[in-house]
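Working notes for the structure below.
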Amino acid sequence: MKYPISEEFNPYITAVFGQKLWYGKHRGVDFGSKSPDPVIITAPHSGYLTQYFHYQWGKYTEIKTTRFRTILAHNKLLDGWLVEGNRNINKGQAVAVMGNTGWSTGRHLHWQLYDNGIIVDPLNYLDDTPMNMITRVVNTAKKKFSDPSSVFIIVPDVGEYLVINNEKRKITSKTSTKDMEALKNIFGVYVSKEDADKIPSGEDL
Ligand SMILES: [Zn+2]
């Protein structure tokens with residue numbers, strides 16, 4: 001599957017799957033963006049698109065295949081839908097605009113995914129691009145700890161580390177500067193080279 005927001009909007013993850021929130025465990029993954037422009041949401045996979053209103057998800061987009069069901073929640077109230085509903089759409093196609101409808105305290109996208117009716121972590125289904133592979137490593141690390149904010153990405157020259165609970169762990173996949181910069185945007189974290197050098201190393205991921 002494809003990341004649902006393109007890099008030009010500098011999307012970052014504000015809540016991971018399974019994270020404890022005020023109402024219980026988070027059943028999807030949340031994305032924010034500081035872009036002043038309308039943030040375009042693209043289809044993570046192809047399928048049949050429908051559109052609904054829901055007290056919790058607000059104005060939302062659903063994409064269904066025989067196996068998958070994707071919910072893209074909290075679409076923008078006015079002009080929040082970019083295609084007409086009840087039609088087949090392609091992976092990567094622009095479908096909605098990020099908004100703040102439903103149970104939402106700020107503009108964001110909530111992506112919830114079902115695999116054969118079972119709710120799953122969407123990030124585990126991303127295509128194997130280098131950046132998505134690192135996204136998964138960071139996501140796994142964040143989920144391992146009760147406080148996901150204890151997980152940071154370090155970007156020393158070409159960043160290769162995560163910091164988890166004040167220990168540095170090496171990321172094992174080959175990474176490019178561009179990918180790490182994009183990840184820094186996605187997860188909204190940054191540690192300077194000087195600070196990175198002060199942090200002790202833990203076991204590799
Ligand atoms: Zn959410």
With r defined as the distance between the Cβ atoms of Q93 and K143 and R0 fixed at 30 Å, what FRET efficiency is calculated, to the nearest 0.05? 0.55
Value of relative contact order over the range 1-103, rounded to a whole percent, pairs C-alpha under 8 Å and six or more apart: 27 percent
Could you give each residue of the range 58-75 its phi-based ³J(HN,Hα) in whole Hz, using Karplus coefficients 6.51, -1.76, 1.60 with θ = phi - 60°, and x for Gly or Pro? x, 7, 9, 10, 10, 10, 10, 10, 5, 9, 10, 9, 10, 10, 10, 9, 6, 5
Tell me, in nm to one decimal, what length is gained between R69 and E167 on full extension, where the rule is 0.36 nm per residue of separation less the Cα-Cα distance? 31.5 nm
Give K91/K144; K20/K64; K91/K143; K143/K184 a once-over and call out the pairs whose C-alpha atoms are over 20 Å from each other. K91/K144; K20/K64; K91/K143
In nm, what is the difference between 0.36 nm times the number of residues separating L78 and Y23 and their Cα-Cα distance? 17.1 nm
Semi-axes, largest first, in whole Å: what does sqrt of 5 times each Cα gyration tensor eigenvalue give for the range 7-125? 19, 18, 14
From phi via Karplus (6.51, -1.76, 1.60), per-residue ³J(HN,Hα) for the range 9-18 in Hz, x at Gly/Pro: 8, 6, x, 9, 8, 9, 8, 8, 5, x
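Values in this text are rule-based calculations from the coordinates and carry no lab data. All values reported here derive from a predicted model rather than from experimental measurement. Every residue, glycine as well, gets a Cβ built from its backbone with ideal geometry; the counts of neighbours run over all protein chains shown.
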